[in-house]
1. How big is the charge dipole of the stretch A:1-108 about its Cα centre, in debye rounded to the nearest 20, if each Lys and Arg gets +1 on its Cβ and each Asp and Glu gets -1 on its Cβ?
2. With the other protein chains left in place, how much accessible area per residue, in square angstrom, belongs to the stretch A:1-139 at a 1.4 angstrom probe?
3. Using heavy-atom solvent-accessible surface (probe 1.4 Å) with all chains present, what is the largest-first order of A:E56, A:E126?
4. Which whole-number percent is the relative contact order of the stretch A:155-310 (Cα, under 8 Å, 6+ apart)?
5. Using only the Cα atoms of the stretch A:138-263, each taken as one equal point scatterer with no solvent, compute I(q) by the Debye sum, divide by I(0), and report log10 of the ratio at q = 0.12, 0.13, 0.16 Å⁻¹.
6. Could you sort A:172-185, A:149-162 so that the peptide with the highest average Cβ count within 10 Å comes first and the rest follow in order?
7. Enumerate the lysines that A:K267 could reach by cross-link, defined here as Cα to Cα under 16 Å, with residues fewer than 8 away along the same chain left out.
8. Under the Kirkwood approximation for Rh and a Cα-based Rg, what ratio Rg/Rh is obtained for the stretch A:96-199?
Amino acid sequence: MKPREVEVLLLANKLDFPTDRVCDQLRQLGTEFLRCNFDDMDKFRFVLEPVSARLECKFEDTIWHVGEGLKSIWWRQPTFYRGTKIYNPTPAEQLYRSQWAAFMRSLIVFDNAQWFNHPATTYQAEVKAYQLKKAYICGFSVPKTLITNDDNAQVPTTIGNPFALKSIDTILLRERDSQHFGYTSITDWSECLDGSFNQVPATCQQFLNPKIDLRVTVLDDKLWCDEIVIDATGIQGDWRLKKKDDLEYRDFLLPADIAQNCLKLVKSLGLHYGAIDLALSDGVFWFIEINPTGEWGWLDRPGRGISQSIAKKLSQ
Amino acid sequence: MTHILERKAKTTKIKNVTASEDSTYDTVAGLWRNKDQGIAAYEPGNDRVSKKMDVETGEDLKGQ
């Protein structure tokens, strides 16, 4: 069979339904693509020539060639693994995860392709402290923030009390058949004074209340904004803790200057795509965070065209 | 003593994340198909399903 010359390479996971949508849109555009899933890599047979930047990939009777014709890469991977998915992984599981993750990163040899987003810029842009600094430079209002493990830090006087307590990186802790996930929690400083606060750094941030949570999905020069509400009202604390069926995601029109700040921030972080969280409180649009590989499938309602736009961008 | 970030973390039983038994993955097309060959990602109810399949791991499986 004649090899398929790949125009778009998608690096995802097998259960990533939003990437299914992009693949369907690419097919409708007539774009040749190859989707590789981290959890399924050994299904394929790969040969990578690093110097000439050529990749051959086989699956049953289908062969793909990735090389000069490659236009773009859709990177839907964590930039590193925290290693909590498998409890007590076997040597074979450890080997699979470390080596395939490195293989996927090795595809940065395709440096003439447009990356959505490049792993190196993603790695940098995922750092919350860096995001806050860049957002401030781009013109956003940024909540007062201290990152500290010092129980003598002036949190109540400089940040306020209560305040929003956050981790500085995703918390997902595995313990036998249970997992512990860290959400933003509204905290009184006195709760931190039990002698354990110095164990790890934490983010202490100004408590914005009342607020309306906004999610801004940015793709180069285009954006979609949603407000997340219950009964048309903003949610106190972390909305992810609310029942999904109670949540409403509604179109929200951002003021032009805030929309410009969003586009500027994504660009200044070296990204093409970003999912930005804002909070509207007291008439101010506060920057909360940006996720360079954030989810968007839940916002791709009929008529919104997020997956179509991504597929078009990737095909250009 | 347990750190406040650990104390405040929400504890859940680990779910075994799988796709619906009625769907199969089409490797060449890069998507899941239902029994009738329709695309699972467009099914009502799946629009809000991310790769996380409702298992909170942080965006983009960062927690994994």
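The values are calculated or read from the model by the stated rules, or taken from the named source; none is laboratory data. The model shown is predicted, which means the values in this text are computed figures rather than measured ones. Counting neighbours? That spans all protein chains shown, and the Cβs are built from the backbone with ideal geometry, glycine included. What goes into the accessible areas is simple: the full protein's heavy atoms, side chains included, and nothing from ligands, DNA or RNA. Shrake-Rupley method; radii C 1.70, N 1.55, O 1.52, S 1.80 Å.
1. 260
2. On a per-residue basis, the stretch A:1-139 sits at 48 Å².
3. Ranking A:E56, A:E126 by accessible area, largest first, yields A:E56, A:E126.
4. 20
5. Each listed q maps to, in turn, -0.61, -0.70, -0.99.
6. A:172-185, A:149-162
7. Result set, ordered by chain and number: A:K133, A:K134, A:K222, A:K313.
8. Taking Rh as the inverse mean 1/r over Cα pairs, Rg/Rh reads 1.08.
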